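The block underneath contains the structure these notes are about, expressed in structure tokens.
What follows is calculated from the coordinates using simple rules that are stated; it is not laboratory data. Just so we're clear, the structure is a prediction, and the values are computed from it rather than from any experiment. Counting neighbours? That spans all protein chains shown, and the Cβs are built from the backbone with ideal geometry, glycine included.
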Amino acid sequence: PEHRRRTFMGYRRKDGRVGTRNYVAVLATVNCSSTATRRVADHFRHSDVMKQFPNVDGVLGFPTKGGCGAHYGSPDLGQLQRTMANIVDHPNVAAYVILSLGCEINQPDDLIAATHLSDNGHKPLVLTIQQDGGFQKSVEAGIEAVMELLPAANALEREEVPASELMLALQCGGSDGWSGVTANPALGKAADEIVRQGGTVVLGETSEVYGGEHILTRRAASREVGEKLVERIHWWEQYTSMFGASIDNNPTPGNKLGGLSTIYEKSLGAIAKAGSTPLNDVVPYAERVTTKGFVHMDTPGYDPVSVTGQVAGGCNVVTFTTGRGSAFGFKPAPSLKLATNSDLYANQEPDMDINTGKVLDGVSLDDMGQEIFEAILAMASGEKSKSELADIGEEEFNPWIIGAML
């Protein structure tokens with residue numbers, strides 16, 4: 001019904017997507033240009049220049065540990081390029097600059113061509129250390145390039161948009177025995193509401209739905225979608241076996257101290273984040289998500305790597321449940337952290353946005369889910385999350401490297 005449609009204040013981009021934040025970014029194509037990338041971003045962090053641009057949330061550097069030592073033309077390189085392209089061609093990023101060394105496997109022109117970054121008729125600006133006079137001159141050129149982008153980014157303003165423009169990353173880390181009782185099912189209620197509003201929720205961590213995948217396949221919108229998930233599970237079994245490991249050897253020492261003894265217990269709780277709506281698609285890591293409703297993205301369970309894929313896929317907000325504690329953030333997407341129990345919330349209150357331990361005191365999951373949903377809308381409209389207030393989230397960009405290092 002029209003009177004139940006909710007809205008938030010977001011940034012409508014030229015391609016129609018909606019951002020919840022407004023950053024300018026500097027992307028390193030290779031580790032060899034990462035320090036220069038960080039130096040450019042730090043210039044804007046450690047000076048008063050951003051006071052001139054109050055509508056810009058900041059200048060982000062995306063350094064990388066990869067970009068070379070890979071097999072040219074390999075799927076691994078293709079996945080890295082897709083991740084890099086989609087993290088800057090993102091609704092929360094107004095503009096960006098690419099910073100290269102010059103001789104790396106991940107050539108900027110290949111990156112741009114492979115990921116269609118210039119399909120809008122505008123080729124991204126590329127700075128190259130080997131061609132532009134070395135490290136310091138490239139840093140200076142990067143600072144100048146960002147300065148030229150900031151006025152246009154600052155001219156953008158928030159406008160009222162429907163909640164259907166939300167794309168929510170569903171994430172958990174440092175889970176405990178209460179995760180599947182309080183935070184995860186409460187988040188599932190909020191996820192259902194976002195889907196009801198016409199939005200998208202993206203579950204990741206394929207290795208942490210293992211043993212509970214039948215719950216998701218039963219919710220698949222079609223046989224094809226269900227088979228996509230099963231195929232990914234089989235791939236993970238083969239992938240882990242290549243290294244003498246197994247997919248079910250997942251709970252960490254902290255998980256076990258928190259009361260989780262097996263991957264099956266952990267998976268049942270993790271799946272609860274996804275609510276109860278149909279599974280409409282299963283997509284590769286860092287692939288741009290275009291399907292509405294509940295989508296699963298194939299990612300590892302390691303939080304920074306998983307969220308990197310989800311945000312590269314287009315998620316403009318992140319929710320992160322934890323029972324053991326976390327100081328997670330992920331720029332450019334704001335992250336809402338949910339404590340599974342009141343002891344954790346009291347102990348780590350400066351890092352926790354919501355205490356879902358209230359469910360153990362009698363608050364219903366429906367009411368808790370509604371509180372989370374309202375907090376997501378407020379955060380999407382510009383309210384700072386605890387991680388943003390602590391200026392956390394610039395070290396967590398961590399693309400999944402799956403191939404051989406040459």
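Tabulated data for the structure shown
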{"read-out": "Computed magnitude of the charge dipole of segment 201-248 (debye, nearest 20; Cβ of K, R +1, Cβ of D, E -1)", "value": "200"}
{"read-out": "Dipole-positive endmost among Ala163, Pro124, Val49 within segment 36-186 (Cβ charges, Cα centre)", "value": "Val49"}
{"read-out": "Cα-based Rg and Dmax for segment 1-116, where Dmax is the largest Cα-Cα distance (Å)", "value": "16.8, 57"}
{"read-out": "Segment 128-203: GluC sites (Glu not before Pro) falling in loop per DSSP and having at most 12 other Cβ within 10 Å", "value": "Glu157"}
{"read-out": "Karplus-derived 3J(HN,Hα), 6.51/-1.76/1.60, for each residue of segment 20-35, Hz, glycine and proline x", "value": "9, 9, 9, 10, 10, 10, 10, 10, 8, 7, 7, 4, 5, 10, 6, 5"}
{"read-out": "Listed peptides 43-52, 381-390, 330-339, 97-106 by packing density, highest first (mean Cβ within 10 Å)", "value": "330-339, 97-106, 381-390, 43-52"}
{"read-out": "Rg/Rh ratio calculated on Cα atoms of segment 190-271 (Kirkwood radius)", "value": "1.02"}
{"read-out": "Neighbour cut-off at most 13 other Cβ (10 Å), DSSP loop, chymotrypsin sites (Phe, Trp or Tyr not before Pro), segment 195-280", "value": "Phe243"}
{"read-out": "Calculated Rg and Dmax of segment 161-389 using C-alpha coordinates, Å", "value": "16.1, 49"}
{"read-out": "Assigned charges on the beta-carbon of Lys, Arg, Asp, Glu; segment 287-398 dipole about Cα centre (debye)", "value": "260"}
{"read-out": "Computed [θ] at 222 nm, deg cm²/dmol, the chain (DSSP H ≥ 4; -39,500 (n - 2.57); rounded to nearest 500)", "value": "-10500 deg cm²/dmol"}
{"read-out": "Segments 305-313, 276-284 sorted - mean Cβ within 10 Å per residue, highest first", "value": "305-313, 276-284"}
{"read-out": "About the Cα centre, charge dipole magnitude for the chain (Lys/Arg +1, Asp/Glu -1 at Cβ), debye", "value": "340"}
{"read-out": "Distance violations [Cα-Cα > 31 Å] among Lys51/Lys273; Lys51/Lys337; Lys14/Lys51; Lys14/Lys358; Lys14/Lys331", "value": "Lys51/Lys273; Lys14/Lys358"}
{"read-out": "Projected area, mean over directions - the chain, Cα convex hull, nm²", "value": "19.7"}
{"read-out": "Formal net charge of residues neighbouring Pro108 (Cβ-Cβ distance under 15 Å; K, R +1; D, E -1)", "value": "-3"}
{"read-out": "Listed residues Ile372, Asn341, Tyr210: farthest to the positive end of the dipole of the chain (Cβ charges)", "value": "Ile372"}
{"read-out": "Two-site FRET efficiency, Lys123 against Asn55, from Cβ-Cβ distance with R₀ of 35 Å, rounded to 0.05", "value": "0.85"}
{"read-out": "Alpha carbon centroid spacing (whole Å) that separates segment 116-130 from segment 365-379", "value": "40"}
{"read-out": "Signed unit charges on C-beta, dipole axis of the chain, positive-most listed residue Gly254, Gly269, Gly403", "value": "Gly269"}
{"read-out": "Nearest-ten-degree value, helix 75-88 long axis tilted from longest Cα axis of the chain", "value": "80"}
{"read-out": "Residues listed by number, segment 197-237, amide nitrogen under 13 Å from Asp248 label point at 7 Å toward C-beta", "value": "210-213, 237"}
